[in-house]
Amino acid sequence: MTTEILRTQRLALRQLTQDDLPALCETLQDAQAMAAWGHAFSLDEARAWLDKQLRRYRETGMGLWAVCRREDGRLIGQCGVTWQDVGAASPVAEVGYLFARAYWHRGYAAEAARACRDWAFEHLWVDEVYSLIRPMNRASRHVAIRNGMRCEGQFLKEYRGQALVHDLYAITRREWLRVTGRPGASEAWDLMDAERRPIARTVLRRGRLPAGCYHLGVRVIVSDGEGNVLLVHSAKRRSPRACAWECPGGAVLSGESSVRAAQRELCEETGIALDEEDFHFLTATTSGSCHHDSYLAVKKTPLRALTFQPGETDRAEWVPYREFEAMPAGRMPAPKIRRMVRQSPALAQLAGLRGAARRGEKSTCKPAQDDV
């Protein structure tokens with residue numbers, strides 16, 4: 001038995017051993033699981049893969065570790081931290097993950113990758129942690145998004161004589177501190193004027209905004225594509241008059257784009273990970289000292305699959321569109337959202353998506369694909 005390195009709610013991560021080769025082959029010799037590599041491994045390639053991880057342990061003290069279910073000790077995948085060359089001045093710390101197909105759709109990859117992300121920041125002198133992902137690998141992208149990562153661009157990685165395009169996802173130490181609620185976390189907002197023009201100033205969250213200055217916030221209207229809208233319940237203490245039910249959203253952080261903030265806030269508050277192109281811009285409004293950008297995302301997700309952000313959200317419900325539109329101010333986040341709903345052709349269309357499908361009509365608001 002090898003020493004356990006990490007433990008999560010459902011998983012235990014340890015070093016691989018030669019005895020793990022048969023279990024590894026269940027994944028490495030599965031063409032669908034190995035689609036990012038472009039081929040299933042031969043037995044010799046699987047042995048070489050295992051030998052490479054064992055060599056990494058000896059040389060760097062880390063590598064891809066065996067991911068085992070705590071309930072029965074079964075090896076279901078690999079996840080860990082390795083040094084990778086991405087064309088920068090020095091190698092970067094990368095969180096990689098690869099799971100047997102029988103264990104997809106259960107959140108294991110995100111759970112293991114999150115633990116490895118934390119391990120990297122806690123044990124390595126790095127200011128940024130990465131994940132390298134093939135563009136067609138939607139499920140892996142969503143694991144990175146759930147871990148607070150954002151896409152920084154693309155690079156070419158040589159493999160078997162071919163230059164393969166990879167997306168470069170990353171999270172900074174500062175972002176990690178904020179996402180995990182660790183001491184030293186801070187949230188800064190870029191300021192703008194009444195016309196949304198940047199004024200090259202920032203302010204810390206809960207700081208007083210200078211007169212005439214605004215910051216930017218986002219909200220996301222999530223539909224299941226069948227006429228229902230997702231509302232989340234705020235875990236924060238509020239005055240009796242304030243409504244605790246709201247649409248996912250929050251402030252745009254310093255240096256962050258509006259759509260990236262919508263992607264991040266939705267994922268943090270509900271666990272729903274979508275690509276930026278899945279967010280459809282609806283409208284821009286202003287309330288008090290905050291400009292708001294509103295987006296529409298269409299994703300059918302059962303409530304039991306949602307995860308909530310401690311201290312921010314604690315539950316959710318799907319509300320029929322007609323009920324959502326007619327909610328009184330005490331039940332709805334704010335009357336301005338109802339006005340925005342009525343004025344938005346894209347949102348108004350949600351009420352008839354199911355009927356349109358029966359009639360064979362095409363909708364411009366398409367649901368995001370399910371994760372692999």
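A compact table of results
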read-out	value
For the stretch 1-141, accessible area per residue (1.4 Å probe, heavy atoms of protein chains only), Å²	48 Å²
Cβ-defined net charge surrounding residue 182, 12 Å radius [Lys, Arg +1; Asp, Glu -1]	0
Cα→Cβ-extended label distance, 7 Å offset, between residue 102 and residue 29, nm	1.4 nm
Spatially proximal aspartates and glutamates relative to residue 52 (Cα-Cα < 13 Å; intrachain offsets below 8 disregarded)	44
Rounded percent of accessible protein surface that carbon and sulfur make up, the stretch 1-111, 1.4 Å probe	47 percent
Partner aspartates and glutamates for residue 299 [C-alpha distance under 16 Å; skip if fewer than 8 residues away on the same chain]	224, 226, 265, 268, 269, 275, 276, 277, 278, 317, 370, 371
Cα-centre dipole for the stretch 17-117 with unit charges at Cβ (Lys and Arg positive, Asp and Glu negative), debye to 20	280 debye
HN-Hα J in Hz across the stretch 265-279 - Karplus 6.51, -1.76, 1.60, θ = phi - 60°, x for Gly and Pro	5, 4, 5, 5, 8, 10, x, 7, 9, 10, 7, 4, 6, 7, 9
Karplus-derived HN-Hα couplings along the stretch 136-143 (A = 6.51, B = -1.76, C = 1.60, θ = phi - 60°), whole Hz, x at Gly and Pro	7, 8, 4, 4, 5, 4, 5, 5
Modelled FRET efficiency - R0 51 Å, residue 326 with residue 57, Cβ distances, 0.05 increments	0.25
Sulfur and carbon atoms: percent of accessible area, the stretch 245-302 [1.4 Å]	49 percent
Stretch gain in nm, segment residue 276-residue 226, where the contour uses 0.36 nm per residue and the Cα spacing is subtracted	15.8 nm
Per DSSP, loop GluC sites (Glu not before Pro) in the stretch 42-83 with at most 16 further Cβ within 10 Å	71
Dipole magnitude of the stretch 121-253 about its Cα centre (Cβ charges: Lys, Arg +1; Asp, Glu -1), debye to nearest 20	440 debye
Hydrodynamic radius (Kirkwood) for the stretch 89-144, which is based on Cα pairs only, to one decimal in Å	12.3 Å
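The values are calculated or read from the model by the stated rules, or taken from the named source; none is laboratory data. All values derive from a computational prediction rather than experimental measurement. Neighbour counts are summed over all protein chains in view; Cβ atoms, including those assigned to glycine, are modelled from backbone coordinates with ideal geometry. Quick note on the areas: whole protein, heavy atoms, side chains included, nothing else; ligands and nucleic acids left out. Shrake-Rupley method; radii C 1.70, N 1.55, O 1.52, S 1.80 Å.
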